[in-house]
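A.B. asks: The structure that follows is given in the form of C-alpha cells.
The values are calculated or read from the model by the stated rules, or taken from the named source; none is laboratory data. These numbers were taken from a predicted model, which means no experiment stands behind them. Here the Cβ is made from the backbone with ideal geometry for all residues, glycine too, and neighbour counts use every protein chain on show.
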Amino acid sequence: MKHFSLTLVTLSLLLSASLVIGQNTRFSDPDTVIKNEFWGNLYAEGGNSFFCDTAFTSKGFLLKDGYVYPLADIRSALDCGTSRACEKDNRYRQIASDLHNMVPVKSRIEMQRRNVRYEDLGATVKPSDCGIRESAGFFEPPKRVKGDVARTVAYMVDTYELPWIGATPVFQDWSRNDPPDDTELTRHRRVSEIQGNKNPFVTNPELIEQL
C-alpha cells in the first residue's frame, strides 16, 4: 500500500512538472520583461514591426510592444477585473509576461486591434497598405504572418487554457497555408533561449490540427 501511494505521488509530481515545463515560469513581471527582455534583449538591435514589416533600429513613439493574443481578452478570460486589478493577479502577470505572445507593433495598429476577433474577411474588404483587412470588429492579418498569428494563439489557448479569439478552423487553415519561415523560427529560438520554454506549435505545426 505504501509503495502504491509513493507511485501515485511520483506520478503526480511528474504530471505537474510536465505542465510547468510547457509554460512561462521564468517571468511574472510584465513591465520588467518588456523593458529588459523584449526591447532590451530580443529587439535590442532593432528588427521589423510584426504586421507591417517596417524596419526599425530602436523603439520610438510610433512603435510599441503588442500582444498577438490581446491583453484585454486575457483579462476577460481570467475575469480578474480592471487592468489595475489584474496586475495584482499572479496568473495574469505570468501570462502577460510571456514573450511568445509579444511582438513589436505600430502604435496605431495596436489601437485598432483592441476588442476584435481574428477572421478571414475575403477580397470584398479592401486591405490597408500593410495588407490588413478590418471590418465590424474583425481583423485579418497580412498573409505573410497568418501562420505566426495562428500558432501564437494556439499556444496561448493550449498553455493557459484561454478561449479561442476566432474560429478554430480559421487558425488551423492559416497555420497550414503559412508554415514557419526562417524569421519565425529564428525569433522562436531567441524567445525560447530567453524564456526557457518553446511554442510546440512552431516546432510541430501539425499539432494545431489536434486542438
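A.B. asks: Could you list, in sequence order, the residues of region 8-45 that are small (G, A, S), assigned to a helix (DSSP H, G or I) and at pLDDT below 50?
C.D. replies: S12, S16, A17, S18
A.B. asks: Moving to a separate point now. Return the pairs, sorted by first residue and then second, in which the second residue is among the hydroxyl-bearing types (S, T, Y), the first residue lies in region 25-53 and is over 26 Å from P142 (Cα atoms), the beta carbons are less than 8 Å apart, and the residues are 6+ apart or on different chains.
C.D. replies: F27/S97; S28/S97; D29/S97; P30/S97; V33/S97
A.B. asks: Same structure again: Is it true that S5 is part of a loop (DSSP other than H, G, I, E, B) and modelled with pLDDT under 95?
C.D. replies: no
A.B. asks: Take region 108-123 and flag every residue that is at positive phi and within 16 Å of the chain's Cα centre (by Cα).
C.D. replies: Selection gives N115 alone.
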